[in-house]
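Okay, so here's the structure we're looking at.
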Amino acid sequence: MLLPSHTTTNTRDIEPTRPPLLPPQLAARLTPNERIIMQALLSGQELTAIAWKLHRDIRTVSSHKQRAMA
């Protein structure tokens, strides 16, 4: 079986495929990164998994989460 030598992950890869879980009023005031992270959290993903999939430090993802929840 051949595996790709390099795969890229972008933010679309972790967004849920079902309808948005965030209320439109909240989603409208979030930055794109905050929105992606909150959607992933609401769909049941853990911070460490989100950070890994986005190639971001866990502290960066946590910071986006905290700003979104403020």
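The values are calculated or read from the model by the stated rules, or taken from the named source; none is laboratory data. As the structure is a computational prediction, the values presented were derived from the model and not from experiment. As a convention, Cβ positions derive from the backbone with ideal geometry for all residues, glycine included, and neighbour counts pool all protein chains shown. All accessible areas refer to the heavy atoms of the entire protein, side chains included, with ligands and DNA or RNA removed. Shrake-Rupley method; radii C 1.70, N 1.55, O 1.52, S 1.80 Å.
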Problem set entry | Answer from ILE14, ILE50 - the residue that is at pLDDT below 90, open to solvent by less than 50 Å² (accessible area, probe 1.4 Å) and under 11 Å from the mean Cα position of the chain (by Cα) | ILE14
Seminar exercise, completed: Note on SER5: of the conditions (1) surrounded by 15 or more Cβ atoms within 10 Å (Cβ to Cβ); (2) at pLDDT below 90; (3) among the hydroxyl-bearing types (Ser, Thr, Tyr), unmet is (1)
